[in-house]
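Structure first, commentary second.
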Amino acid sequence: MVLDSKCLNWTRYTKLERRLDADDLFRYHPADGTKIEEYNPFEVMDKMIVEFLNLGWAVVNEKHTIAMQENERFIKNYGHFTVPATKVDRVGEESPSLLSDAAEKMYLNFYELHKSMKDEKKPKRQPVHEFNTADVSARVELVDNKPTIVWQTPDLRAAVEVAYALLVSESIPRLKYCKHCGKAFWGNNPKTEFCSSQCRNQFNVYKSRRRKT
């Protein structure tokens, strides 16, 4: 678990299929033979938050095929954003664009945060991220004999919002912004600036070329 706190469990289907609904929009519905699984989002949040931000990266950069693939993967891995799997009759209430719209908004915030942190002229205090999700509260429980904050979040969207706020406010951030491609990635080394060796090499090549011109 990457955070020192937990959140309420969420549910997901083991099998999903994409269907065209009566409003002529595609949504993911439980497939035949599916089962409902329960899990704690904070226990997989290192992977989830990176995938969510990089869905936003794909939307912002108009990489439509990648965005569609990332959207599908996110729902299959973690469940619907606002509708629990136990409420199968409500799947049609969730807008197909809800996930990608929220990911785009959070990625833009992540980008502006990174940009602002590099600006030496920025004010000492400025707004970074605000979420107004209703019904979010917290309590302290003993988990493995350790006092732990347990966030009570009404849906997966609220859990992601809370986790993002906690992660970007860490004194030594582990949620990072790639200096070359702009994607989010997870890194425990404070000096790491690139999501991969390929990005680091490409950045250095382009930097070298700029010096020669």
Apart from one, (1) at negative phi; (2) within 20 Å of the chain's Cα centre (by Cα); (3) surrounded by fewer than 20 Cβ atoms within 10 Å (Cβ to Cβ) all hold for F52; the odd one out is (3)
Filtering segment 1-47 down to residues that are in a helix (DSSP H, G or I), farther than 23 Å from E93 by Cα and either in contact with a strand residue (DSSP E or B) (Cβ under 6 Å, 6 or more places away or on another chain) or not β-branched (V, I, T) (or both) yields F42, E43, M45, D46, K47
Of the residues in segment 160-213, those that are surrounded by fewer than 15 Cβ atoms within 10 Å (Cβ to Cβ), of a type outside the set (A, V, I, L, M, F, W, C) and assigned to a helix (DSSP H, G or I) number 12
Exactly one of V83, V91 is aliphatic (A, V, I, L, M), under 25 Å from Q152 (Cβ atoms) and not in a loop (DSSP other than H, G, I, E, B), and that one is V91
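Read-outs throughout are calculated quantities, based only on the coordinates presented, and are distinct from any laboratory measurement. What you are looking at is a predicted structure, and each value in this text was computed from that prediction instead of being measured. So basically every Cβ, Gly included, is an ideal-geometry build from the backbone, and we count neighbours across all protein chains shown.
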